[in-house]
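These notes are about the structure you will find just below.
Computed from the coordinates by the stated procedures, all read-outs in this text should not be read as laboratory data. All values derive from a computational prediction rather than experimental measurement. Because the Cβ atoms are built from the backbone with ideal geometry, glycine has one as well, and the counts that use them run over all protein chains shown.
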Amino acid sequence: MVEEFRHYFTKIEKLSSDELLRSAQKLVVSENTSIAKLIAHLAEMSSRKTALKLGYNSLYQYCIEGLNLSEGAVPARIHVANVSRRFPQLLVGLAERRISLTVAALLAPHLTEDNVEQVISDCAGKTRKKTEEYLVAIKPKPVFEPSIRKRPATTALDPSPRDTTAPAPAPSMSPSLSSPVLNHPPVETPKSSPSILQPARPAIFNFRFSADMEFKDKFERLAEVMGVENAQKNMAVILEKALDIALEKKDPKKKLERRRKRQSSAKEKSRSNEVTEKDEPAKSRYVASEVSERVHDRDGYQCVYLGLDGRRCTARVGLQLDHRKPFAIFRSNDEADLRILCASHNLLEAERVYGPAFIQQKIAEQRKSRSP
Ligand SMILES: [Zn+2]
């Protein structure tokens, strides 16, 4: 097998970039078709109770221990398998890559004979987030009452009833959908942790998280400081205020706004003795923080790297300032010559300009100098 992949690498090294892309796309098509077919198998195994017969306590356990699927991969497959006989359109959408597996699993409990075609076509190409928003628009969820509750203590030795008994029916917003289909009952409900943040109504979100005593004390203290009575009921108001304060302090956009205000008054005074240093070569790579802030603002706080097909990278964290014209040659810290890139694209660009060998050597040197 190792030899096989060594040969495979030798083979794909010889492909042109276009051929490499086409080959990857072909693999995605065959992967999606395989997933759809595997899901059909799971539905059939479920009706034959194959997993139970093999000694696994559930199809979920069989998928993980018998088929070696990753724990993260199983719930979505089972959610889709649950309804795949009734709505084979889901499998078709998957195989044809119109919807992703994640989206198919989200849609599964909401399908009816009347809406299946429409829902799948509406969600074609949607991300998980967009699909969740679509679903709450057609079927709003209850909005949480704000509350602080002590979480019941559970131990590892105290399995929840669902772990030991027959699988519960699939949770569903609509009672009519959770009723098992004749001959082919739902496969099973896989365990998956509930999402922390979920849309409840088109413009309302439910948050759910656990925090320690210290967090609770801080929260109540903040309510006192803000003079808010009934802290729990006004949880959203209090937390929003805390977020405003944190953003005011930490958000580079706000910093830039403040700096601009300060400077606009200072500029008025010093306009007469302005010195233009623009064309002189810079002595170091150091970029003044005000310049860095302006470049971040200009580039919209997002990596500006454009892919071959013109797609802009969507990274918004871990952004780095990059010299568009190599600093070693042009020695310019001019605002127009700077841009922001994510770490991965910064490295990619550095390798393109200086060559991968040179960059790898630099990284190794840096690592060496850091270690004692
Ligand atoms: Zn990027």
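Can you work out the FRET efficiency for the pair Phe144 and Leu15, with r the C-beta to C-beta distance and R0 = 56 Å, to the nearest 0.05?
Values: r = 52 Å, r/R0 = 0.93.
E(calc), rounded to 0.05, equals 0.60.
May I ask you to sort His79, His296 by Cβ crowding, counting other Cβ atoms within 10 Å and putting the fewest first? Walk me through the intermediate numbers first.
Values: His79 27, His296 20.
Fewest to most other Cβ atoms nearby, the residues stand as His296, His79.
How far is it, in nm, from the label point at Lys26 to the one at Lys368 when both lie 7 Å from their Cα along the line to the Cβ?
Going from the Lys26 label point to the Lys368 one covers 4.4 nm.
Going by how many other Cβ atoms sit within 10 Å of their own, how do Thr131, Thr10, Thr112, Thr50 line up, fewest first?
Details: Thr131 21, Thr10 9, Thr112 12, Thr50 16.
The most exposed by this proxy come first: Thr10, Thr112, Thr50, Thr131.
Determine which aspartates and glutamates satisfy two conditions relative to Lys150: a Cα distance under 16 Å, and not lying fewer than 8 residues away in the same chain.
Asp212, Glu214, Asp217, Glu220
Based on the Cβ-Cβ distance from Glu240 to Glu3, what FRET efficiency comes out when R0 is 56 Å, to the nearest 0.05? Can you show the working numbers first?
Working: r = 60 Å, r/R0 = 1.06.
Result of the calculation: an efficiency of 0.40.
Over its Cα atoms, what ratio of radius of gyration to 2.2 N^0.38 Å does region 286-367 give? Each step should come with its number before you reach the end.
Details: Rg = 13.0 Å, N = 82, 2.2 N^0.38 = 11.7 Å.
Taking the Cα Rg and dividing by 2.2 N^0.38 Å, one obtains 1.11.
Roughly speaking, what is the stretch gain from Asp297 to Arg262, that is 0.36 nm per residue apart minus the C-alpha to C-alpha distance, in nm to one decimal?
Working: separation 35, 0.36 × 35 = 12.60 nm, distance 1.70 nm.
So the extension gain works out to 10.9 nm.
If you rank Lys249, Lys141 by fewest surrounding Cβ atoms within 10 Å, what's the result?
Values: Lys249 9, Lys141 16.
Fewest-to-most ranking of Lys249, Lys141: Lys249, Lys141.
Please report how far the C-alpha centroid of region 297-371 lies from that of region 26-80, rounded to the nearest whole angstrom.
42
For region 76-141, how big is the tail of P(r) above 21 Å, as a whole percent of Cα pairs? Kindly include the intermediate steps, with their values, before the conclusion.
Working: 226 of 2145 pairs.
Result: 11 percent of Cα pairs exceed 21 Å.
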